[in-house]
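Asks: Please see the structure below; I have some questions.
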Amino acid sequence: MAQKLAELRESPESTAVVVIGAGPAGLTVGNLLRRSGIDCVVLERRTRERVAQRQRAGIVETRAVRMFDSWGLADQVLGGAPSDGLMEFRVDGESHLVSDDDDSEGPRARLCPQQVLVQKLTAVYLADGGDLRFEAADISLHDLTGDRPTVHYRTADGTLRAITCTFVAGCDGDHGISRAAVPNGALTAHTFEHGIGWLTILADAPPPARPLLAVSPHGFAAHFARGPHASRYYLQCPPDDHPDAWPDSRIWDALRTRLADPALVPGPITDREIFRLRSLVHDPMQYGRLFLVGDAAHIVSPLGGKGMNLALYDADLFARAVRDSVHDHDDTGLHTYSQRCLRRVWNDQEFSHWLTRTLHDAGDDTHSGPFQRGLARARLDRLFTSRNAARTFAELMTGLNPVPDAGAQNGPGPGAAAARGKASASDW
Ligand code: APR
């Protein structure tokens, strides 16, 4: 083993960027780098089939659609139907439609399930001649603060491989090896537990006409499309609840009650899980030549649909920063990467937190008490009646609301230090 590693160090492969993880973040980074004429290798530990089937987010927000459009990729990578921009809030059975139309010109959000986006990004990347290696096991990162980091991994047949590179994109989610490779103390983790559980189910059942969020004294519930014949549902539950406590009949009864829809059509349940709502931000999103992208750097609670969209935002900023560095020897984008990403991360965390609190507190006053319930109801009233409140909501939903750019001069957090000066290579 030691001899093998020594041999690998003698003759490693070489590329500009090694991307760890082939989820939405990693595949977007790979595609954008290829479009920029920059060499990269994407390493993914699962099989192509497993990656292609992973069902999670469902909406590509307007800003992200326009991002892909600006790279000439929107038609190729976005499946699903264009969204009509309307979302239904059903409060004690009363329906309120809220629009995400902010009057801006250009293509709009798409109801594109994450697995469809991942399948298409994979196909386009490979058709472009991209290097994507599945079943890459035991990935380890070395010399991240040196000039040429090295990535070691093991192929499916057990062969050890080494790749040297200029940058590593850590796109391997919350439980990946990238962030774990950063020494203790180099990053600060800001975490928040919402004290709320969600039972989430996928079912082969008719999707709703539009995303539906329901508030009732029985607890929060939601119903989203996941393709033409499938739905995802959410039911608020105690954080320590267990899926076994939710047989099918209980699930459909609770959904009918909370969605105030006695005629709700059930279907075979293909997946059920309980998770706790939590939020997490790592600051900075960089260590040496390792850049964290997407869930590897932050987790957003699901309401507002920002998790995948933030990953796409990071991927775009990272690819443009590498392009500027490689083609124009301009490292400004790399040095401001963390700071710029974090401004939008906190913006989206705030939106998601606001929506989470509002929709849970407004229904169930056993959760936060009657005072918080009154506040949450007042926020919903404002959203349903004030044009300005509705417009602010629309801007946040689309992702088009401006956040201070670069934030490099006076933003908080350790990333600001790197963002301020033009660092030399030894500062990576
Ligand atoms: N080595 C290689 N690949 C890994 C490793 C590892 N040690 N650990 C994880 N991966 C892969 C996973 O198999 C997965 O394909 O990295 C990928 C990470 O993808 P996601 O978890 O989907 O994260 P990201 O690409 O940042 O996508 C953003 O937004 O809607 C949310 O959480 C949802 O997954 C979504 C995310």
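Asks: Given 0.36 nm per residue, what is the gain on full extension from D147 to L400 after removing their alpha carbon distance, in nm?
Replies: Between D147 and L400, full extension yields an extra 87.4 nm.
Asks: Provide the FRET efficiency to the nearest 0.05 for the E193-S11 pair, computing r from the beta carbons and using R0 = 41 Å.
Replies: Working from the Cβ atoms, E equals 0.30.
Asks: Sorted by mean Cβ packing within 10 Å, highest first, what order do the peptides 196-206, 72-82 take?
Replies: Listed from highest to lowest mean packing, they are 196-206, 72-82.
Asks: At a probe size of 1.4 Å, how large is the accessible area of F224, to the nearest 10 Å²?
Replies: Estimated to the nearest 10 Å², F224 gives 40 Å².
Asks: Mind checking which of S178, S70, S36 has the largest fluctuation in a GNM of the chain, springs on alpha carbons under 10 Å?
Replies: Result for the chain, Cα springs under 10 Å: S70 fluctuates most.
Asks: For C40, what is the net charge nearby, where nearby means another residue's Cβ is under 10 Å from its Cβ and Lys, Arg count +1, Asp, Glu -1?
Replies: It works out to a net charge of -1.
Asks: Here is a follow-up. Sum up the charges of everything whose Cβ sits under 9 Å from the Cβ of G58, counting Lys and Arg as +1 and Asp and Glu as -1, but leave G58 out.
Replies: Net charge around G58: +3.
Asks: Round to the nearest 0.05 the FRET efficiency obtained for D244 and R46 when R0 = 25 Å and r is the Cβ-Cβ distance.
Replies: FRET efficiency, D244 to R46: 0.35.
Asks: So, one more: Along the charge dipole of the stretch 13-118, Cβ charges K/R +1 and D/E -1, which of L27, Q55, T15 sits furthest on the positive end?
Replies: T15
Asks: Let me ask something else. Would you please report the Å³ per residue occupied by the convex hull of the alpha carbon atoms in the stretch 197-282?
Replies: 114
Asks: Starting from the Cα-Cα distance between L160 and A180, subtract it from 0.36 nm times their residue separation and give me the gain in nm to one decimal.
Replies: Residue separation times 0.36 nm, minus the Cα-Cα distance, leaves 5.1 nm.
Asks: For the stretch 135-234, what is the Kirkwood estimate of the hydrodynamic radius, computed as the reciprocal of the mean inverse distance between distinct Cα atoms, to one decimal in Å?
Replies: Value: 18.0 Å, from the Cα pair sum.
Asks: Cα convex hull of the chain: how many Å³ per residue?
Replies: It comes to 153 Å³ per residue, whole-number rounded.
Asks: Which value does Rg/Rh take for the stretch 153-298 over its C-alpha atoms, Rh per Kirkwood?
Replies: Using Cα coordinates only, the ratio equals 1.12.
Asks: Further, regarding this structure: In nm, to one decimal, how far is the S104 label point from the V265 one, both placed 7 Å along Cα→Cβ?
Replies: Calculated label separation equals 3.6 nm.
Asks: What does the helix-only formula give at 222 nm for the chain: each DSSP H stretch with n ≥ 4 adding -39500 (n - 2.57), the total divided by the residues, and the result rounded to the nearest 500 deg cm²/dmol?
Replies: Only helices count here, giving -11000 deg cm²/dmol.
Asks: Continuing with this model, one more query. Compactness ratio of the stretch 84-144: Cα Rg over 2.2 N^0.38 Å, N = residue count?
Replies: 1.95
Asks: With labels modelled as points extended 7 Å from the Cα through the Cβ direction, what inter-label distance (nm, one decimal) is found for D253 paired with H96?
Replies: 3.0
Asks: Moving on to the next point. Size of the dipole of the chain about the Cα centre, Lys and Arg at +1 and Asp and Glu at -1 on the beta carbon, nothing else charged, in debye to 20?
Replies: 80
Asks: Continuing with this model, one more query. When Lys and Arg each count +1 and Asp and Glu each count -1, what net charge do the other residues less than 11 Å away from P207, Cβ to Cβ, add up to?
Replies: +2
Asks: Continuing with the same structure: Just name one of Q349, L310, H360: the one whose Cα is farthest towards the positive end of the charge dipole of the stretch 299-384 (beta-carbon charges, Lys/Arg +1, Asp/Glu -1).
Replies: H360
Asks: How long are the semi-axes of the ellipsoid equivalent to the stretch 20-177, from square roots of 5 times the Cα gyration tensor eigenvalues, in whole Å, largest first?
Replies: Ellipsoid semi-axes (Å, largest first): 35, 17, 14.
Asks: For the stretch 292-414, which whole-number percentage of the solvent-accessible area (1.4 Å probe, protein heavy atoms only) is attributable to carbon and sulfur atoms?
Replies: 51
The values are calculated or read from the model by the stated rules, or taken from the named source; none is laboratory data. Given the structure is predicted, the values throughout are model-derived calculations rather than measurements. Glycine gets a Cβ as well: all are built from the backbone with ideal geometry, and neighbour counts include every protein chain shown. The area values use the complete protein model at the heavy-atom level, side chains included, leaving out ligands, DNA and RNA. Shrake-Rupley method; radii C 1.70, N 1.55, O 1.52, S 1.80 Å.
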